[in-house]
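The structure under discussion appears below in the form of structure tokens.
The values are calculated or read from the model by the stated rules, or taken from the named source; none is laboratory data. Only a predicted model underlies this, so the values are computations on that prediction, with no experimental measurement involved. Positions of Cβ are backbone-derived with ideal geometry, glycine not excepted, and every protein chain shown enters the neighbour counts.
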């Protein structure tokens, strides 16, 4: 009888080890497939530049930061892509994308960041997202854009 109990305990441990190994292998394979899809996808390229590695852990951005990074939000450039606006202009006449509102638009002057050079735009955005004060300013900018959208988005005619 004691031999039977011992075998049961050993078999349970072996089963546990096998299941743990299989779970680890499946997780690794899934992450590899996800990474391959992320690397070779056609959409999300601007986000891919900032977050090139997939992970089960969240990046720690809030709603406003996600809208800014992805360009998905109350921006004329985004709404125009889906024919929800007839043009992609801000009320000031320039293209209404996130970088415009963060650096050029005179409606958001109090929230402006220094304009990045084209070659340093990615590093500029990464720096904003890793600096707590800059992230706070970015959230304030996005809240203003969301709250005052009727002022900064040109009439849809």
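Taking residue 80 as the residue in question, decide whether it is in a loop (DSSP other than H, G, I, E, B) and under 30 Å from residue 150 (Cβ atoms).
Against the criterion (in a loop (DSSP other than H, G, I, E, B) and under 30 Å from residue 150 (Cβ atoms)), residue 80 does not qualify.
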For the range 99-107, indicate whether the set of residues that are over 19 Å from the mean Cα position of the chain (by Cα), buried (at least 18 other Cβ atoms within 10 Å of the Cβ), within 28 Å of residue 51 (Cα to Cα) and free of Cβ contacts under 8 Å to residues at least 60 places away in the same chain is non-empty.
yes
Being crowded, with 17+ Cβ neighbours inside 10 Å and out of contact with any strand residue (DSSP E or B) (no Cβ under 7 Å at 6 or more places or on another chain) is the filter here; which residues of the range 78-89 pass it?
78, 79, 80, 85
For the range 108-157, which positions are at pLDDT below 90 and surrounded by 13 or more Cβ atoms within 10 Å (Cβ to Cβ)?
148, 149, 152, 153, 154
Note on the range 29-62: residues part of a helix (DSSP H, G or I) and at pLDDT 95 or above are 29, 30, 31, 32, 33, 34, 35, 36, 37, 38, 39, 40
Examine the range 134-154 for a residue that is outside any helix (DSSP H, G or I) and closer than 23 Å to residue 48 by Cβ, and state whether such a residue exists.
no
So, in the range 26-77, how many residues would count as being surrounded by 11 or more Cβ atoms within 10 Å (Cβ to Cβ), under 15 Å from the mean Cα position of the chain (by Cα) and either under 30 Å from residue 112 (Cα atoms) or in contact (Cβ under 8 Å) with a residue 60 or more places away in the chain (or both)?
21
Among the residues of the range 108-118, are any closer than 21 Å to residue 45 by Cα and part of a helix (DSSP H, G or I)?
yes
Tell me which residues, restricted to the range 92-112, are touching a helix residue (DSSP H, G or I) at 6+ places or on another chain (Cβ under 7 Å) and farther than 18 Å from residue 143 by Cβ.
92, 94, 95
Which pairs turn up if I take residues in the range 81-95 that are free of Cβ contacts under 8 Å to residues at least 60 places away in the same chain and look for partners that are surrounded by 15 or more Cβ atoms within 10 Å (Cβ to Cβ) and assigned to a strand (DSSP E or B) with beta carbon separation below 6 Å, at least 6 apart in sequence or on another chain?
88/95
